[in-house]
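The values are calculated or read from the model by the stated rules, or taken from the named source; none is laboratory data. This one's a predicted model, so the numbers in the text were calculated from it and none came from an experiment. So basically every Cβ, Gly included, is an ideal-geometry build from the backbone, and we count neighbours across all protein chains shown. Please note that ligands, DNA and RNA were not included when accessible areas were found on the heavy atoms of the full protein model with its side chains. Shrake-Rupley method; radii C 1.70, N 1.55, O 1.52, S 1.80 Å.
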Amino acid sequence: MLIRPYAESDIEAVVEVFRSNIPKYFGPSEEPGLREFLADLAEHYYVVEISGEVIGAGGIALNDDDTVSLCWGMVHSDHLGTGLGKLLTEYRMERSSEVFGKKAMVTSTSQHTEGFYKKFGFVTIEHTPDGFGPGIDICKMRLEA
């Protein structure tokens, strides 16, 4: 397994990982936002490769309020439950400290992955039913520095 910086040539592979998680974890209407993010804001975005195939991705971004977002984290549905999501999240948390220093971290996730982030110490601070789309709530979570 290799975690490396995202390259523009990875876009379709990352979108395929995203699509593999529709409809449970993402809604189809979110794809344009992902593509826009990858085109404009992917400075600290990373992909996970196994045998040259991108099977996961996720990034970090500094927010205006001096928090760091864990953004667009995902693992191909064929690899869910294998521990790759945990490794990718730990990697992003470490990179956040290295790049931005010790800062509170935030993420907007769904009710389906809320428990995953709670294992890292994140606390839900806001819950919006169907916020990402039908059956996919927005769970805004925060981890203090």
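Things worth noting here:
- Of all residues in segment 41-52, those that are closer than 12 Å to ALA13 by Cβ have Cβ atoms under 6 Å from Cβ atoms of residues that are modelled with pLDDT of 95 or more and of a type in the set (D, E, K, R), 6 or more apart or on another chain, in VAL47/ASP10.
- Matching residues in segment 80-117 - criterion: being in a loop (DSSP other than H, G, I, E, B) and either aromatic (Phe, Trp, Tyr) or under 19 Å from ALA145 (Cβ atoms) (or both): GLY101, LYS102, LYS103, ALA104
- Within this structure, PHE120 passes the test of being in a loop (DSSP other than H, G, I, E, B), open to solvent by 30 Å² or more (accessible area, probe 1.4 Å), in contact with a helix residue (DSSP H, G or I) (Cβ under 8 Å, 6 or more places away or on another chain) and not polar (S, T, N, Q).
- Residue that is least open to solvent (accessible area, probe 1.4 Å), among those in segment 44-77 that are hydroxyl-bearing (Ser, Thr, Tyr) and not in a strand (DSSP E or B): THR67
- Residue count, segment 1-15 (criterion: surrounded by fewer than 13 Cβ atoms within 10 Å (Cβ to Cβ) and assigned to a helix (DSSP H, G or I)): 3
- Residue in segment 16-43 that is least open to solvent (accessible area, probe 1.4 Å), counting only those that are under 16 Å from ILE138 (Cβ atoms) and part of a helix (DSSP H, G or I): LEU34
- Selection within segment 78-102 - open to solvent by less than 50 Å² (accessible area, probe 1.4 Å) and over 14 Å from the mean Cα position of the chain (by Cα): GLY83, SER97, PHE100, GLY101
- Segment 130-142, residues that are open to solvent by 50 Å² or more (accessible area, probe 1.4 Å) and under 16 Å from GLU30 (Cα atoms): ASP130, PHE132, PRO134
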